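Trainee: Questions regarding the structure given below will be posed in turn.
A short reminder: the numbers here are calculations on the coordinates, not readings from a lab. On a predicted model such as this, the values are computed, not experimentally measured, just so you know. When we count neighbours, we look across all protein chains shown, and the Cβ atoms used for this are built from the backbone with ideal geometry, even at glycine.
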């Protein structure tokens, strides 16, 4: 009881200290988590600048719903209290008091008169659907107002049972428009909307920008493949996104939004699982999350830790080994949130993850299934760390935000190069060290109907060093040492305004000054030439948005993107420069409803892109990696998705894409007589899924989810050398979960029919041109898991 009165007193005190200059009728951005009422009104008072008190401290225990969106404080309170039996008394323009709504007793009938017929009670008004916010718009635009192709995914507990689906595979499995290579955990490249440069990894910047909160995760390296434990939502914005996100967003943006520390109370979650793979080794995983309040309603710490072993399933007959491609993933995160008051929020955090793979994830045609022959092991290591801090100050709809981040990303590869040695075992090693510093500061204002503006400045500075060696596997001799450095200062902005009651327009642009240099480090030549270049570029963005009614949004959009050049090794001991590339995309689309709460939601998109001077990481005839500009290309695409909430228990969804991408003007070395397609992107793909949820007994719930995804035919690379087909497979999964109280039991199965198809035709660059390499689907895997929340 004493604790309850303390919480009630704290609520009244914080509410009383809310800034007096904000009027309750003004609109504000609210994001209030579901939970106890006393904690929710503290956050509402802080975000809305109002005073909210409880008439009875015992009401603080009542559970309330989540509230998100732009509205006035009175509306936010009304949404918060739906279904609780509580009401609001307005004291003045910025003060409210929550009271119990009295239940009126029916008066006794008068003597000797029949009782009047009771009135039919009017059903309570249904709670308004929660507004879905696109945080990646950088000014929290509602999904119903955002004029571009975007998907917002929420990771609920149904994902906890999926074996091996803890990283980017979750996104790829759900969205056919997102594609990936399949070298293994931490080695893949992601592509969106058919904007794919190559299957190989080198000094070119990624075509997809990945963000953790407001901090960028990746630069010129494979997907960090951060484990998706304790994640609130994932947003995928199809590209290009050059205006708001700059270089390296030609295909689009993937933004991972982690769960925020909560100063309202302690919470913990633990989960663990064990998996069996047919024709493979066992796997296991474990993760834990702790939410620790440090200062009541002012500061909290959230910590996540995890460890996972993915058992191998590839055998190497040359060395007499089984299940060689075992991977170990371990890491953790820590996030600190401080809300000192007066509209200030400070978030700081650390992300760390290490991926260690014992050997390559490929087999060879002509041998027994899931088998290859190689004289040496080909391990891979991906060590990733991120430090970030975001400071935000809000004055109602006006928000100032500044984010700083430091990235350290180290990659180590070893490949079997014995094909160059006339039968003697040879090893080729490549070690890449990436260091990046970045800061972005924005000032934005979000108004009604998605109108508003944002202006910002971005400063980035980074370098990557690549060391290569070739020779005896025990001690290969150095053959190249390349250092690339880049820095950029950019100014950007976007303005959305109304043209008519149902018609709005957006105008934006980004101007950037980029400097980059490359250096071939040679101890025998202390003063090697250092190619240096400075580039100024401007990328515009224009969009029109029409809301004709019936919940429909129709939009048209034009956007550009840019990537700087750099220096690449063309053969052992020599280097060449590669040029910058640009992309311009026209898009038409329509969207209606939201999958989470509308009976039927639909999204359609058609786009055409022109890609100039395409950068691509490649391998030569011997197998040595290099980078070049392969020519100009075009990408014509169409995508469609729909979700039908057929009943309160059953949800069906489907999505598909069509793509025609090609080198329209190939550089001479990369031309083919026909099928001159861009790599890795199939001409079509599709996904269907179903989910059924049902209460079992008084306090238990059973959920069943199933999906199937088809990936069509694509090619490994451009030119005749890499004219190797891949794809044409169906991947399936089934997940069951039984939840009772704080505990859950999950059963998941992937590759239900144990299909043995080639996802990807690459594992070792020194023998890939022979066309025998395959990356098969992981055999049927069954996982059982337990989880608990406190």
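Trainee: Please state, as a whole number in µm²/s, the translational diffusion coefficient that the Stokes-Einstein equation yields for the stretch 667-743 at 37 °C and 0.692 mPa s, with Rh defined as the Kirkwood radius across alpha carbon pairs.
Mentor: In µm²/s, the coefficient rounds to 207.
Trainee: What angle, in degrees between 0 and 90 and rounded to the nearest 10, separates the Cα long axis of helix 37-48 from the longest principal axis of the Cα atoms of the chain?
Mentor: Helix 37-48 and the main axis of the chain meet at about 70 degrees.
Trainee: Separate question: How many nm separate the modelled label positions at residue 503 and residue 606, each set 7 Å beyond the Cα in the direction of the Cβ?
Mentor: 2.1
Trainee: Can you give the relative contact order of the chain as a percent, counting alpha carbon pairs under 8 Å and 6+ residues apart?
Mentor: This gives 10 percent for the chain.
Trainee: Note down the nm distance, to one decimal, between modelled labels 7 Å out along Cα→Cβ at residue 270 and at residue 756.
Mentor: Reported label-point gap for residue 270 and residue 756 is 4.1 nm.
Trainee: Ranking 392, 587 by Cβ neighbours within 10 Å, fewest first, what do you get?
Mentor: 392, 587
Trainee: May I pose another question? Could you compute the FRET efficiency for residue 535 and residue 439, with r as their C-beta to C-beta distance and R0 at 22 Å, rounded to 0.05?
Mentor: Efficiency at R0 = 22 Å is approximately 0.60.
Trainee: Something else: Could you give the length gained by full extension between residue 632 and residue 690, i.e. 0.36 nm per residue of separation minus their alpha carbon distance, to one decimal place?
Mentor: 16.8 nm is the gain from fully extending residue 632 to residue 690.
Trainee: Calculate I(q)/I(0) for the chain by the Debye formula, one identical point scatterer on each C-alpha and no solvent, and give its log10 at q = 0.07, 0.10, 0.11 Å⁻¹ to two decimals.
Mentor: So the normalised log intensities are -0.54, -1.09, -1.31.
Trainee: Using helices alone, I'd like the mean residue ellipticity at 222 nm for the chain: each DSSP H run of four-plus residues gives -39500 (n - 2.57), total over residue count, nearest 500.
Mentor: Mean residue ellipticity at 222 nm (helix-derived): -1500 deg cm²/dmol.
Trainee: Could you put 84, 429, 781 in order, starting from the residue whose Cβ has the fewest other Cβ atoms within 10 Å?
Mentor: So the residues, fewest neighbours to most, are 84, 429, 781.
Trainee: Please find the FRET efficiency linking residue 770 to residue 317, where r is the Cβ-Cβ separation and R0 is fixed at 25 Å, and quote it to the nearest 0.05.
Mentor: For R0 = 25 Å, the calculated efficiency reads 0.90.
Trainee: Then there's this: Assuming R0 = 45 Å, what is the FRET efficiency of residue 101 and residue 31, from their Cβ-Cβ distance, to the nearest 0.05?
Mentor: 0.95
Trainee: How much length would be gained if the chain were fully extended between residue 474 and residue 743, taking 0.36 nm per residue of separation minus their Cα-Cα distance, in nm to one decimal?
Mentor: 91.8 nm
Trainee: Just how many % of Cα pairs in the stretch 215-287 lie over 16 Å apart, if you round to the nearest whole percent?
Mentor: Cα-Cα pairs in the stretch 215-287 separated by more than 16 Å: 68 percent.
Trainee: Can I ask one more? If you count, for each residue, the other Cβ atoms within 10 Å and average over each peptide, how do 208-218, 763-773 line up from highest to lowest?
Mentor: Descending packing order for the listed peptides: 208-218, 763-773.
Trainee: Determine the equivalent ellipsoid of the stretch 315-430 by diagonalising the alpha-carbon gyration tensor, then write out the semi-axes as square roots of 5 times the eigenvalues, largest first, rounded to whole Å.
Mentor: Rounded to whole Å, the semi-axes are 49, 14, 11.
Trainee: Can you tell me what share of the DSSP beta bridges in the stretch 306-454 is antiparallel? A percent to the nearest 5 is fine.
Mentor: 95
Trainee: Beyond 20 Å, what share of the Cα-Cα pairs of the stretch 411-507 is found? Please give it as a whole percent.
Mentor: 63
Trainee: So for 552, 644, fewest C-beta neighbours within 10 Å to most, what's the order?
Mentor: Listing 552, 644 from fewest to most nearby Cβ atoms yields 552, 644.
Trainee: Enter the angle in degrees (range 0 to 90, nearest 10) between the Cα long axis of helix 2-16 and the first principal axis of the Cα atoms of the chain, meaning the one along which they spread out most.
Mentor: Orientation of helix 2-16: about 80 degrees from the principal axis.
Trainee: Once both labels are modelled 7 Å past Cα along the beta-carbon direction, what's the residue 88-residue 706 spacing in nm?
Mentor: 4.6
Trainee: May I ask for the Rg/Rh ratio of the stretch 385-464, computed from Cα atoms with Rh as the Kirkwood radius, given to two decimals?
Mentor: Computed over Cα atoms, the ratio is 1.37.
Trainee: Beta carbons within 10 angstrom, averaged per residue: use that to sort the peptides 259-269, 137-147, 687-697, highest first.
Mentor: Taking the mean over residues of other Cβ atoms within 10 Å, the ranking is 137-147, 259-269, 687-697.
Trainee: What share of the DSSP beta bridges in the chain is antiparallel, in percent to the nearest 5?
Mentor: Of all bridge pairs located within the chain, approximately 95 percent are antiparallel.
Trainee: Suppose the chain between residue 348 and residue 725 were pulled fully straight at 0.36 nm per residue; how much longer would it get relative to their current alpha carbon spacing?
Mentor: Taking residue 348 through residue 725 to full extension adds about 131.2 nm, to one decimal.
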